[in-house]
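Contents: one structure, followed by commentary.
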Amino acid sequence: MGRPTGGASASKKPKAKSKPKQRGGVDFKKYKHKVGRKLPPPKNATNTEIKSKLIVLPEQTMASERAGMAVNKRGLTLRELLQQTVHYNPKVRRAAMNGIKDLVTKHPAELKLHKVAMIEKLQERICDSDKVVRDSLYSLLQSLVFPSLKEDNAMSTRSTLSLLMANVLNGMTHLSMDIQLMAFRFLELVVLNFPSSFPRYAEQAFNNFVAVLSNDRIHLQDKSKLNSVLAGLAHCLSLVARVTENDDASNRLVHNRPMGELWKPTLDEDNPGSGAFATSDVLIKLQNLIRILVNSIEVSASEICAKPANDAQSSEALLSALHCLHLICTTFIHEAKKSQMEFGRSNTQFGPDWLNSSVLVYLKKLWGVKRLFHEKV
């Protein structure tokens, strides 16, 4: 065989020229990191660490602040509880009222020291929108605050009650019927515990009684609310009747006393049975109450006669209205007698003629109520 043409030199191909390796630019240099090693932060990273120092002052804890202070079962002081009574959440206000009652029950000294501050703060809850808060305030005043307030002197008690009565009278004219009726309960509570303070507010109180009893809503609602108002009215009227009766008795004694003793004061401000009423204004309010009470009696009597079974609420409303009428008539009779016995008053505004023309006109309507019961029988 012959050799292939071309020879060894012909079988070799020319080698291509090797190109130089391109190196990456400096701005895009790539680093190779080992697996598992934490990457270093970038050079433009922002340090977000916040360094702070704690300043520790001695006696700064709440426990040290309350050491030796009276607290309730939740560990709250009286000041903290009074602040919570104005909280926007009614549940917090309820808990605060219960906490105050718990605190002053366990620590009676707190009540003696801070009862004026308590009344100044709690008087705003008379017109509270939550019924439970109002009831809690009523129970607190009835069981704890008022019995302790009776131990103070008359001057301090009078100034404290003036703040309370301002909110009571304001509540009597509230737009909410429930708040109105509760305000009359607060008035009854004040009258029962501090009867000598009532003459200063008698005219305005009777004016509010006329307004609420003239409202048809109280007659259309539950009779228990009407009975509650009539019960408070009866307590107020009993004070007026007692004062006019005492004045009538004192006028009888005046005619038998020497002239040198005629100008001595006969009323004692601290005596619960005494007081000075604005007689003419109060009697005009009582005259308006007669008309309203007679109408209430007619409504209650018609409801009793219309129902086959005995209605306990309507019967109680009827008896309460009759009792109030009895007290008003007693007041008018003593006032008429007093005007006749007083020296130098022959023609008086509230004499027997006024009694016949103003009172007996309304009382004649009661004969119609009597006929209703006779027809039912």
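The values are calculated or read from the model by the stated rules, or taken from the named source; none is laboratory data. Since we're looking at a predicted model, the values are computed, not measured. Please note: Cβ atoms are built from the backbone with ideal geometry, for glycine as well, and neighbour counts cover all protein chains shown.
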Next on the checklist: With the requirement that a residue be surrounded by 17 or more Cβ atoms within 10 Å (Cβ to Cβ) and closer than 21 Å to residue 192 by Cα, what does the stretch 214-226 give you?
Outcome noted: 225, 226
Checklist entry - Taking residue 240, is it within 13 Å of residue 165 (Cα to Cα) and modelled with pLDDT of 85 or more? => result no
Next on the checklist: Can you tell me how many residues within the stretch 32-77 are surrounded by 10 or more Cβ atoms within 10 Å (Cβ to Cβ), in a loop (DSSP other than H, G, I, E, B) and at pLDDT below 70?
Outcome noted: 2
Checklist entry - Given the residues 135, 152, which is the only one that is part of a helix (DSSP H, G or I) and either of a type in the set (Asp, Glu) or on the phi > 0 side of the Ramachandran plot (or both)? => result 135
Next on the checklist: Looking at 227, 167, 215, 207 in this structure, which one is more than 30 Å from residue 333 (Cβ to Cβ) and either of a type in the set (Phe, Trp, Tyr) or out of contact with any Leu (no Cβ under 8 Å at 6 or more places or on another chain) (or both)?
Outcome noted: 167
Next on the checklist: If I ask for residues that are over 29 Å from residue 175 (Cα atoms), of a type outside the set (D, E, K, R) and assigned to a helix (DSSP H, G or I), which ones from the stretch 84-132 would you list?
Outcome noted: 99, 103, 104, 105, 108, 109, 111, 113, 114
Checklist entry - So how many residues does the stretch 201-221 have that are farther than 17 Å from residue 283 by Cβ and of a type in the set (D, E, K, R)? => result 2
